[in-house]
Amino acid sequence: MINPKYTKTLELDKILRMAADLCHYEDSKKKAVSITPLTDIDDVLHELHRTNDLFQLTVRYGTPSFIGFHNPCGRLKIAQQGGVLSPGDLLNIAAVLRQSRLLSQWSDPFAEEENAVSEQFSRLYQNNSLEREISSAIVSEDMIDDNASGELAAIRRKIRQTELKAREKMEKMIRSSSYQKYLQDSIITMRDGRFVVPVKAEYKGEVPGLVHDTSGSGSTYFIEPIAVVEANNEIRVLQAKEQEEIERILAELSAHCGDCCEDICWAFENIVDLDLLFAKCNLASRMKAQMPKVVDNGQILLKKARHPLIDPQKVVPVDIRLGDDFTSLVITGPNTGGKTVTLKTLGLLTLMTMCGLLIPAADGSVISTFEDVLVDIGDEQSIEQSLSTFSSHMVNMISILDRADYRSLCIIDELGSGTDPVEGAALAISILEKLQKKGCRVAATTHYAELKMYALQTPGVENACCEFDVESLRPTYRLLIGVPGRSNAFAISRKLGLGDDVIERAKALVQSENKRFEDVIDSLEGSRRQYEAMQQQLEEEKREIDRRRDEIKAYQDQLIADREKEAERAKAEAMKIVTDVRRQAEGVLAELDEVRRIKDSEEFSRRLNAARSQIKGQLGRMHDAANPVTARGNSGYKLPRPLKVGDDVLIVDIDKEGTVIKAPDKSGMVLVQAGIMKSRVQLENLRLIERDRVKVNGTPRGKIRTADVSRGLKSGSQRGGFPEVDLRGMNAEEAILEVDSFIDNAVLNGIHQVTIIHGKGTGVLREAVQQHLKRHKSVKSYRLGVFGEGETGVTIAELK
């Protein structure tokens, strides 16, 4: 068992008092302050897992409420032996049962989960019937409910009726004019449980009855009138019966509690244990603590560890390691630099872990269990007490050397201080060697340069220092492992204004070995700071690279999402067009069927069947083209001639037009500009767009010959992709069907202006076409051709 003196030196008692303050019951508070560090790793892991698992559950489900009560076990033993408990004792037992039920209900959401506390919650004792019996029978410590039994309710009802009769008689008396002059006050009061009236002393003989009391001055007599004596007697008898019934009810409830004595006591112990466990969780939450990895090989690795008793706004996290590639750590540095706090942080967090408490350190921290934690930390710095300080340190060190072994953690502050520096340094080295041979894990602080040199030269011993900022004359409280500390005496003195001549003389008096050692330390310190600056710069660059990589990844994801969204939009739009056209075509076919029933000529039927077949074929081809994004391809196409600079081309896979700005190279890559973008495209992915001039009615008119790349729309009415249709020779019905098919194909090919050739003739065909265009949903506007376009023989339609 670890000596309580050492745990108190490391201030473990203050941590346990903090946990006790978070408990709800006196028993759990006592249990908290009496926690002792466990030395077996299995026991430590069990307690840590209980605390950590419950802590995770409180994060998910919150903390349950606790009802106030005290230990019921002593009173339960009395009930078990046949004693009768008071209403207060019974209410306390009901509170224990209610708390056990509430904790069990709180654990219902995770009852099926496997964790370190689920079994304990499953063992919570519940006795709902006994809890209800007590709660329904007892209102408070001084009152039993009327409904506790039928007999009690009947007795109390009779008492109330009798009291009412007695009051009615006395009310008549005090309101009577013949009696009012005898009364001190017109009130009814009670003395010894009986109804009385206050009568003036001089008229006491005028009111027949029994005198029960007098006032302090003797001027008032409290008399029970003869008329209510019998009623008061009856009330007293009923009250005695009431008390007997209450005693019977309490005895019955006490017997029930006595039968469950062991179970209720077990429930109380379980609640107390859980209360302490919840207190540990609340303490961990306040400290922002977490569970470390626990080993038993003497290794300690604390990351960003914080002393839990220092103000969280002021504490500086430190990284401490011990027991991996060295077993002893010698910490040097100026006074008030944080050396002692570092030692206490190391020792206290080790003890907290062994007590099953979570520690305020970062994730990845490692704590080892030890059979013993030996501490020598003294805060006496007075010169007048140097001898007594040295003696007390030596007495403590003798005890430590006697008890220490390979399963011990030794924490020593100011090793060898308080005596002659030469002898103190020699003693310190000798003590460290002794502890090193025993295999202990040692963390010690010192000011001696000899110990710094010893740490540099001895395997298994490592230097460390608490950093000090000479410019601001303030410690940074950072622990630097692998770097021996500097005294900084000369630098601090110069900063404070000490003359250079005095400082130079002091330097001259320093032994050459010490001076060379300080120079080495200076060099190491400079290299360390340079390395830290480089490391910080690299970390910043890495963070910037990571940030940019995340931005690029997010941009790529957005592009993919946008592409998919656009593809879906295009597909939906194309399907909408096809659906609309199909609906219109079905309407036209229905109308034609109606006409057929009316006109049954053979020529009409032949033309009608031909028109129906043509429309259905076109609709099928339009449906195949409903996905204009994913159906694009260039298979089977061959360039009619080699490409040259300035040629207009179509980039097939993205359906974009561009211009060749550099002829194909040896690998078949062509540099194409599409809009403001320049890109290298495979020759197989390009189609040549030929631009020429055609004539309408013998007059030149600009026309674009477009290749049907993705949609494969090859209709006779489309005239090989030309934006014109010739209706001459057709009747009105045939012409309208041809115009609809032609406009649909033009819309799908992205053509915004078309020419409809209907001829001049009688004007009937022109009129029918223009009336139809007027109602067509894809036509934005239309007009007759002008000179050079075909004049009144053509209609120019602008599509939406």
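Brief remarks on what is shown
- Pairs linking a residue in the stretch 670-684 that is at negative phi and open to solvent by less than 60 Å² (accessible area, probe 1.4 Å) to a residue that is among the aliphatic types (A, V, I, L, M) and not in a strand (DSSP E or B), with Cβ atoms under 7 Å and 6 or more positions apart or on different chains, are Val670/Leu643; Val670/Leu683.
- Looking only at the stretch 59-76, residues that are surrounded by 13 or more Cβ atoms within 10 Å (Cβ to Cβ) and not in a loop (DSSP other than H, G, I, E, B) come to 4 in all.
- Subset of the stretch 191-204 (residues that are open to solvent by less than 70 Å² (accessible area, probe 1.4 Å) and outside any helix (DSSP H, G or I)): Arg191, Gly193, Arg194, Phe195, Val196, Val197, Pro198, Val199, Lys200
- Across the stretch 85-93, a minimum of one residue is classified as among the acidic types (Asp, Glu) and assigned to a helix (DSSP H, G or I).
- Test: residue in the stretch 337-345 that is over 17 Å from Lys288 (Cα atoms) and of a type in the set (Ser, Thr, Tyr): yes
- Inspection of the stretch 156-177 finds no residue satisfying the criterion of being hydroxyl-bearing (Ser, Thr, Tyr), modelled with pLDDT under 85, surrounded by 14 or more Cβ atoms within 10 Å (Cβ to Cβ) and not in a helix (DSSP H, G or I).
- Test set (1) crowded, with 19+ Cβ neighbours inside 10 Å; (2) assigned to a loop (DSSP other than H, G, I, E, B) - Leu301 fails condition number: (2)
- Of everything in the stretch 447-461 that is more than 45 Å from the chain's Cα centre (by Cα) and not hydrophobic (A, V, I, L, M, F, W, C), the residue that is most open to solvent (accessible area, probe 1.4 Å) is Gln457.
- Whenever a residue of the stretch 755-776 is open to solvent by 20 Å² or more (accessible area, probe 1.4 Å) and modelled with pLDDT of 90 or more, it has no partner that is assigned to a loop (DSSP other than H, G, I, E, B) and of a type outside the set (A, V, I, L, M, F, W, C) lying with C-beta atoms less than 7 angstrom away and at least six residues away or across chains.
- Scoring Trp266 on the criteria (1) open to solvent by 60 Å² or more (accessible area, probe 1.4 Å); (2) free of Cβ contacts under 8 Å to residues at least 60 places away in the same chain; (3) more than 30 Å from Gln161 (Cα to Cα) leaves a single failure, condition (2).
- Yes/no for Ala444 being surrounded by fewer than 22 Cβ atoms within 10 Å (Cβ to Cβ), hydrophobic (A, V, I, L, M, F, W, C), under 15 Å from Gly485 (Cα atoms) and in contact with a strand residue (DSSP E or B) (Cβ under 9 Å, 6 or more places away or on another chain): no
- Unique match (being within 23 Å of Ser86 (Cβ to Cβ) and either β-branched (Val, Ile, Thr) or in contact with a strand residue (DSSP E or B) (Cβ under 6 Å, 6 or more places away or on another chain) (or both)) among Ile246, Ile226: Ile246
- Here the condition is being touching a helix residue (DSSP H, G or I) at 6+ places or on another chain (Cβ under 9 Å) and of a type in the set (S, T, N, Q); of Gln81, Gln105, it holds for Gln81 alone.
- If only residues of the stretch 737-754 that are charged (D, E, K, R) and touching a residue at least 40 places away in the same chain (Cβ under 8 Å) are counted, the one that is farthest from Ala574 (Cα to Cα) is Asp740.
- Tally, over the stretch 414-433, of residues that are at pLDDT below 90, of a type in the set (Asp, Glu) and open to solvent by 60 Å² or more (accessible area, probe 1.4 Å): 2
- Residue under evaluation Lys181, criteria (1) within 60 Å of the chain's Cα centre (by Cα); (2) at pLDDT below 80, criterion not met: (1)
- Test: residue in the stretch 255-277 that is out of contact with any helix residue (DSSP H, G or I) (no Cβ under 9 Å at 6 or more places or on another chain) and of a type in the set (A, V, I, L, M): no
- Identity of the residue in the stretch 178-190, outside any helix (DSSP H, G or I) and more than 20 Å from Glu230 (Cβ to Cβ), that ends up least open to solvent (accessible area, probe 1.4 Å): Leu183
- Leading residue by the ranking (farthest from His49 (Cα to Cα)) among those in the stretch 101-146 that are hydroxyl-bearing (Ser, Thr, Tyr) and surrounded by 15 or more Cβ atoms within 10 Å (Cβ to Cβ): Ser135
- Of all residues making up the stretch 100-125, the number that are assigned to a helix (DSSP H, G or I), closer than 12 Å to Asp273 by Cβ and hydrophobic (A, V, I, L, M, F, W, C): 2
- Members of the stretch 38-58 found to be aliphatic (A, V, I, L, M) and open to solvent by less than 40 Å² (accessible area, probe 1.4 Å), listed by number: Ile41, Val44, Leu48, Leu54, Leu57
- Looking only at the stretch 205-236, and only at residues there that are under 22 Å from Glu163 (Cβ atoms), out of contact with any helix residue (DSSP H, G or I) (no Cβ under 9 Å at 6 or more places or on another chain) and not in a helix (DSSP H, G or I), the one that is least open to solvent (accessible area, probe 1.4 Å): Ile223
- Taken over the stretch 83-99, the criterion of being surrounded by fewer than 23 Cβ atoms within 10 Å (Cβ to Cβ) and closer than 21 Å to Phe121 by Cβ is satisfied by Ala95, Arg98.
The values are calculated or read from the model by the stated rules, or taken from the named source; none is laboratory data. Keep in mind it's a predicted model, so treat the numbers as computed, not measured. We place every Cβ from the backbone using ideal geometry, glycine too, and count neighbours over all the protein chains shown. All accessible areas refer to the heavy atoms of the entire protein, side chains included, with ligands and DNA or RNA removed. Shrake-Rupley method; radii C 1.70, N 1.55, O 1.52, S 1.80 Å.
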